[in-house]
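Quick one: this structure, given as structure tokens, is what I'll be asking you about.
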Amino acid sequence: MKHSVEQGPLELLAAWYAEAREHPEVRYVGAACLATIDDHDRPDARMVIVREVGEAGCLFATDSRSVKIRQLTTNPNAALTFYWGLLDRSVRIRGRVEEASPADADRCFGDRPRRSKLTVWASHQSRPLESRDDLVARYDEVQERFGGDDDIPRPDTWRAYRLVATEVEFWQAATARLHDRRLFRMGPEGEWQASRLEP
């Protein structure tokens, strides 16, 4: 595991993320499982695309009316898990989710392909859908509305969020299953405390 005494967990996460991005066969570098808690204290999880990682946290964007955001509004505690199988690496992160700035949301939306931007406008995320034809019809309407314009504005309901880490665990596979696990926890004074875990 590449780690120096001076390198904190968020720096190391950013370095691993960058290495995964540079790998020619890693298709979805930012794909991560976001776990939340519903109103009945039951765990819930789904895949999201993390757009940025760093000292400010893990940035992702989604419809503010989605189930995950409704859950996070009630209980902002959450967990993220990255798995880069081709690199034999995984990272588990726990912390709290907070809404990011409109500028962050604009940047995330601007990075999406044109078709994905149109889908954001057409989809009522997580709501029951009577017929797929209804969704396709809304997509066609949105496509006609914006024509060939690539400068599609961000809907107000599409927002960015950050998971601000309080705990980060790095897992690196090793031979004979002697995996390397490093755990970082945020201490009471805001300092990171590091330890190793058994495989």
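Could you size up the charge dipole of the range 83-199 around its Cα centre, putting +1 on the beta carbon of Lys and Arg and -1 on that of Asp and Glu, and report it in debye to the nearest 20?
Approximately 540 debye in magnitude.
Before anything else, pin down the relative contact order of the range 37-85: Cα pairs under 8 Å, at least 6 apart, normalised by residue count, whole percent.
It comes to 34 percent, rounded to a whole number.
Then there's this: What is the dipole size for the chain, taken about its Cα centre, with +1 at each Lys and Arg Cβ and -1 at each Asp and Glu Cβ, in debye to the nearest 20?
Dipole magnitude for the chain comes out near 420 debye.
Another question, then. Modelled label-to-label distance, A18 and V67, 7 Å Cα→beta-carbon offset: nm?
Going from the A18 label point to the V67 one covers 3.7 nm.
Run the simple label-point estimate for D149 and E189 please: 7 Å along Cα→C-beta, distance reported in nm.
5.5 nm
What stretch of the chain, leaving out the sites themselves, is the longest with no trypsin sites (Lys or Arg not before Pro) in a DSSP loop having at most 16 other Cβ atoms within 10 Å?
The segment 66-199 is the longest one with no such site.
Mind listing the phi-derived Karplus ³J(HN,Hα) values for the range 25-41, rounded to whole Hz, using 6.51, -1.76 and 1.60 with θ = phi - 60°, and x for any glycine or proline?
Working through the residues one at a time gives 10, 7, 7, 10, 4, x, 5, 8, 8, 9, 9, 10, 10, 8, 5, 9, 6 Hz.
Report, to two decimal places, the Cα Rg of the range 121-199 normalised by 2.2 N^0.38 Å (N = number of residues).
Normalised by 2.2 N^0.38 Å, the Cα Rg of the range 121-199 equals 2.00.
Could you work out the relative contact order of the chain, using alpha carbon pairs under 8 angstrom and six or more residues apart, expressed as a whole percent?
21 percent
Among P128, P76, P153, which one shows the highest mean-square fluctuation when the chain is modelled as a Gaussian network with alpha-carbon springs under 10 Å?
In this elastic network of the chain, the residue with the biggest mean-square fluctuation among P128, P76, P153 is P128.
Further question on the same structure: Report the local net charge at R177: Lys and Arg +1, Asp and Glu -1, summed over other residues whose C-beta lies under 13 Å from its C-beta.
Here the charged neighbours net out to -2.
What number do you get for the chain when its Cα radius of gyration is normalised by 2.2 N^0.38 Å, N = residues?
1.15
Mean residue ellipticity at 222 nm from the helices of the chain, using -39,500 (n - 2.57) per DSSP H segment of n ≥ 4 over the full residue count, to the nearest 500 deg cm²/dmol?
Helix contribution divided over all residues of the chain: -8500 deg cm²/dmol.
Using the Karplus curve 6.51 cos²θ - 1.76 cosθ + 1.60 with θ = phi - 60°, work out ³J(HN,Hα) for each residue of the range 96-109 in order, rounded to whole Hz, and write x for Gly and Pro.
Along the range 96-109, the couplings run 10, 9, 9, 6, 8, 6, x, 5, 5, 5, 4, 5, 4, 5 Hz.
Now, a different point. Got a sec to turn the phi values of the range 194-199 into Karplus ³J(HN,Hα) couplings, 6.51 cos²θ - 1.76 cosθ + 1.60 with θ = phi - 60°, whole Hz, x for Gly and Pro?
Taking θ as phi minus 60°, the curve returns 9, 8, 9, 10, 4, x Hz for the range 194-199.
Every read-out reported here was derived from the displayed coordinates using simple, explicitly stated rules and does not represent laboratory data. Computed from a prediction, not measured in an experiment: that's the story for all the values here. When we count neighbours, we look across all protein chains shown, and the Cβ atoms used for this are built from the backbone with ideal geometry, even at glycine.
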